[in-house]
Amino acid sequence: MTTSLEAQADPPPKRATLGKMTGELMERLRCVLHQPSDSEPTAHTARGWVDLAYEAAYGERYTAAVEAAARGLEAPGAQDPENRLMLLRILSGVNEMRGASGLAAPYMAERISLLRELGRSHQAEVEEQLGGILLREPDRVEGEILQRVAEDLRTDAPGSLILADVLSSLAVCVLHDEGPQASLPLVREACEILEAQDKPQALAGSRMFLAHSLLLSGETQEALTVAEQVMAAPANRAVRGAMAMLRATIHHHQERHEEAMEVAMASVELYAGCGVRKGAASAAALLAGMTAVLEDGEVSVLAWKVAVQQAELGEFDESRMLSLALGQQLLELQRHEEAEKILDGLSVRLAGTEEDLSTRGRALMGLGHAVTQQRRPVEAMAHWEEAAQLFVSSDELEEAVRAHLAAGALAASLERTESARTHYQEGLRLAEQSDDQDPLMLMQTLHSLGHLLTRTEDAAGLPHLEKALRIADEHGTPWQIADVTDTLARGHLALGQGTEAISAALSAADLFAEAEDDPASAEAEIFAAKVLLEMDRAEEAEAIFRMATDHRESDAELSAETLEGRIDALMQLGRADEAAELRRELTRLKRRIKP
């Protein structure tokens, strides 16, 4: 029965509990970071070389796997038939996986010969008949062959090792063609045979397959149980690393944070220790993501660094995205100089190539934020302009729009109005031509351009704001509707349309109140009151100034602003005594808030 992840979720641990783990995790991550395994490990026995060869093959270090298996054939214990059979299987299997069937054939032949010498002629016959099918991922036609062979073996050689072998290969084919649920009976059958035959290493591999298939099928509790069985029995580091990663994934989804972080860390150590770089990078990335969500930023940064290191050691393309994640984590921690170094390095590494334009664009976006925080806005604008071009080239129009919005906002803050207008207009053009147009992105672009234009007394901005408001009404949140309405009010005032400005501002105040943003609601009312005062409608202005703070809690600065407005309104109305009383109240208030 499928186990619900939500049903088993535990409450998040207290921050104090996680704090105890931080020091230990950081120390263990530093050990991995500063002591990468640069040289291949050695073994003293054939059995030891079997494990090293398997670990290298699992980590896709095929040359190292072949070398380890070949050395195993010369090591003490190589004449033990079981050791020799495993080493020959690794040599033939690895060569077959990398497309060197000619190199695989002699080892396959030697293994078949040894099986016959051992009196296992039926197994030898089946292996000879199937050839490389047992050594690689079978296709659909090969899967049909395996199905027929399995049916024959259930009759002719029930419970045999060769049946377990055939079932395992068949399960791989079924998993891909029919899904994980369909593969479960085959893998279970293989595990039962290997357990009965007392083949612990092969059983560990089959149980690993079973645990992953169970997880993919949604049978999380059984997957966890099988993974724990593997960890409690003899298994090499690659298999143990995989099972630790599976356990970390399940614990993470069930919000058992301490357990998830502990086994994710164990997976990093196991994978890194045996050179399974992709696995170590994935486990470190999982740990980084978990600790970031739990606001343990320092651990997260170290984990991302380990993920990047492991991916680079394995020369995997994933190192680019992991470097990007590290840079973004550093930005979140406001470590802007470090973020700049990481993101600039990534951008330079990808420059001059046509590959991975998207990742370079994202690196430039982060780089722009890093240099902005270091008060280098001109550089930031250049980075965002280039990022926009890259996103257009990679057909990521929404990201290009975001880049233009960022550059436009920065240009506007620097009073570079024409540059800001150009960026917003280009962002709008891209937003409108996108096939899968995000209405909220279009709304944001219209809002930004409309605000800029009306602020510079260009009436062309009003239609943009009105369109933004229509989109917000249909797709936005109450707060977004209020925000656009507020901007529209200020746009009307900039264009000398006081009555329209007052109406829009009071509407915005009501909308902000509905969105439970009382400070913004009060500011909108104060804005409306100031416009009324400028239009010599002092009595209405005084009433709204008073309303802005009377019916809600306001901070001291806002209260001071409303008092100043009421004083001006009362003076216009000739009510000097009331104004004097409010002036004394304002003086007392300013004394309290004076730094």
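Evaluated against (1) outside any loop (DSSP other than H, G, I, E, B); (2) modelled with pLDDT of 95 or more; (3) under 30 Å from Gln310 (Cβ atoms), Arg111 falls short on exactly one condition, (3).
Counting only residues that are of a type outside the set (A, V, I, L, M), farther than 16 Å from Ile502 by Cα and loosely packed, with under 15 Cβ neighbours inside 10 Å, the stretch 515-563 holds 8 of them. Of the residues making up the stretch 214-268, those that are among the basic types (Lys, Arg) and within 18 Å of Lys199 (Cα to Cα) are Arg237, Arg240.
Checking every residue in the stretch 281-302 against the condition of being touching a Pro at 6+ places or on another chain (Cβ under 7 Å), closer than 30 Å to Ala244 by Cβ and of a type outside the set (A, V, I, L, M) gives zero matches.
Cβ-Cβ distance below 6 Å, separation of 6 or more or different chains: which pairs start in the stretch 223-243 with a residue that is closer than 13 Å to His212 by Cα and end on one that is assigned to a helix (DSSP H, G or I) and of a type in the set (Lys, Arg)? What qualifies is Val226/Arg207; Ala227/Arg247; Val230/Arg207. Within the stretch 73-87, the set of residues being farther than 18 Å from Arg116 by Cβ and aliphatic (A, V, I, L, M) comprises Leu73, Ala75, Ala78.
When the stretch 326-349 is limited to residues that are of a type in the set (A, V, I, L, M) and buried (at least 19 other Cβ atoms within 10 Å of the Cβ), the one that is farthest from Ala307 (Cα to Cα) turns out to be Leu331.
Given the stretch 449-558, what helices (runs of 4 or more DSSP H) lie entirely inside it while holding 2 or more residues that are closer than 30 Å to His423 by Cα and within 43 Å of the chain's Cα centre (by Cα)?
Qualifying helices (runs of 4 or more DSSP H): 461-475, 478-494, 498-514, 518-534.
Among the residues of the stretch 132-141, are any over 19 Å from Ile193 (Cβ atoms), assigned to a helix (DSSP H, G or I) and of a type in the set (Asp, Glu)? Among the residues of the stretch 132-141, not one is over 19 Å from Ile193 (Cβ atoms), assigned to a helix (DSSP H, G or I) and of a type in the set (Asp, Glu), which makes the answer no. With respect to (1) free of Cβ contacts under 8 Å to residues at least 40 places away in the same chain; (2) surrounded by 16 or more Cβ atoms within 10 Å (Cβ to Cβ), the lone exception for Gly491 is condition (1).
Name the single residue that is nearest to the chain's Cα centre (by Cα) among those in the stretch 354-408 being among the hydrophobic types (A, V, I, L, M, F, W, C) and surrounded by fewer than 17 Cβ atoms within 10 Å (Cβ to Cβ). Before you say what the answer is, go through the steps one by one.
First pass over the stretch 354-408, keeping only residues among the hydrophobic types (A, V, I, L, M, F, W, C): 357, 363-365, 367, 370-371, 378, 380-382, 384, 387-388, 390-392, 397, 400-401, 403, 405-407.
Those left that are additionally surrounded by fewer than 17 Cβ atoms within 10 Å (Cβ to Cβ): 378, 382.
Details: Val378: 30, Ala382: 27 Å.
Among residues in the stretch 354-408 that are among the hydrophobic types (A, V, I, L, M, F, W, C) and surrounded by fewer than 17 Cβ atoms within 10 Å (Cβ to Cβ), the one nearest to the chain's Cα centre (by Cα) is Ala382.
Exactly one residue out of Leu203, Leu210, Leu214 is open to solvent by less than 10 Å² (accessible area, probe 1.4 Å) and at pLDDT 95 or above: that is Leu214. Only one of the numbered conditions (1) of a type in the set (A, V, I, L, M, F, W, C); (2) under 23 Å from the mean Cα position of the chain (by Cα); (3) at pLDDT 80 or above is violated by Leu5, and that is (3).
When the stretch 118-136 is examined, which residues are found to be within 25 Å of Ala57 (Cα to Cα) and either of a type in the set (Ser, Thr, Tyr) or exposed (fewer than 14 other Cβ atoms within 10 Å of the Cβ) (or both)? Can you show your working first?
First, pick out the residues of the stretch 118-136 that are within 25 Å of Ala57 (Cα to Cα): 123-124, 126-136.
Passing the criteria: only Gln129.
The values are calculated or read from the model by the stated rules, or taken from the named source; none is laboratory data. Worth saying up front: this structure is predicted, and the values here are computed from it rather than measured. Glycine gets a Cβ as well: all are built from the backbone with ideal geometry, and neighbour counts include every protein chain shown. Areas reflect the complete protein model, heavy atoms only, side chains present, ligands, DNA and RNA absent. Shrake-Rupley method; radii C 1.70, N 1.55, O 1.52, S 1.80 Å.
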